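Take a look at the structure below.
The values are calculated or read from the model by the stated rules, or taken from the named source; none is laboratory data. In this text the structure is predicted, and so the values were computed from the model without any measurement. Note that each Cβ is placed from the backbone with ideal geometry, even for glycine, and that neighbours are counted across all protein chains shown. Ligands, DNA and RNA are stripped out before the accessible areas are found, and what is left, the full protein with its side chains, is counted by its heavy atoms. Shrake-Rupley method; radii C 1.70, N 1.55, O 1.52, S 1.80 Å.
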Amino acid sequence: MADQTPDISEMSFEEALRALQAVVRQLEDGEVPLDQSITLYERGEKLRQHCQARLDAAQAKIEAIVLDAKGQPSGTKAFDGDS
């Protein structure tokens with residue numbers, strides 16, 4: 001199984017998300033033997049971590065538009081997810 005699967009670190013967010021969804025479907029079906037389920041779960045966790053890292057990197061790049069007292073755009077500032 002391992003030599004037929006693409007390297008997670010080279011996947012785009014969308015590819016990793018599709019792969020993660022496929023892993024979840026296989027595990028939910030309940031038709032996979034225990035040893036293969038463990039391998040799938042481990043791959044799924046790596047895919048989840050990769051997707052989260054890609055989302056975190058994208059969020060760090062987002063800028064919020066800053067408005068002046070008149071409501072006009074006056075520049076940008078780094079995105080703050082807590083706002």
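Assorted remarks:
- Label-to-label distance, Q49 versus A64, with points set 7 angstrom from Cα along the beta-carbon direction: 3.1 nm.
- With the whole protein complex present, T76 retains an accessible surface near 80 Å², based on a 1.4 Å probe.
- Size check on region 5-46: the Cα extents along the three principal axes, sorted descending, read 28, 15, 14 Å.
- The computed Rg and Dmax of the Cα atoms in Å for the structure shown corresponds, within (1) 13.1, 38; (2) 19.3, 64; (3) 11.1, 32, to (2).
- Loop GluC sites (Glu not before Pro), region 6-48, which have at most 14 other Cβ atoms in a 10 Å radius of their Cβ (DSSP): E31
- C-alpha long axis of helix 34-61 to longest principal axis of the chain, angle in °: 10 degrees
- Relative contact order (%) - criterion: Cα under 8 Å, at least six apart; region: the chain: 24 percent
- Adding -39500 (n - 2.57) for every DSSP H run of four residues or longer, then dividing by how many residues the chain holds, sets the calculated 222 nm ellipticity at -19000 deg cm²/dmol.
- Highest-MSF residue in the chain out of A64, A53, A22 [GNM, Cα springs under 10 Å]: A64
- Using alpha-carbon coordinates, inclination of helix 13-29 to the longest axis of the chain, degrees: 40 degrees
- Under the Karplus curve 6.51 cos²θ - 1.76 cosθ + 1.60, θ = phi - 60°, whole-Hz ³J(HN,Hα) for region 63-69, x wherever Gly or Pro sits: 10, 9, 7, 9, 9, 7, 4
- With a Förster radius of 41 Å applied to the C-beta separation of K77 and R25, the computed FRET efficiency comes to 0.50.
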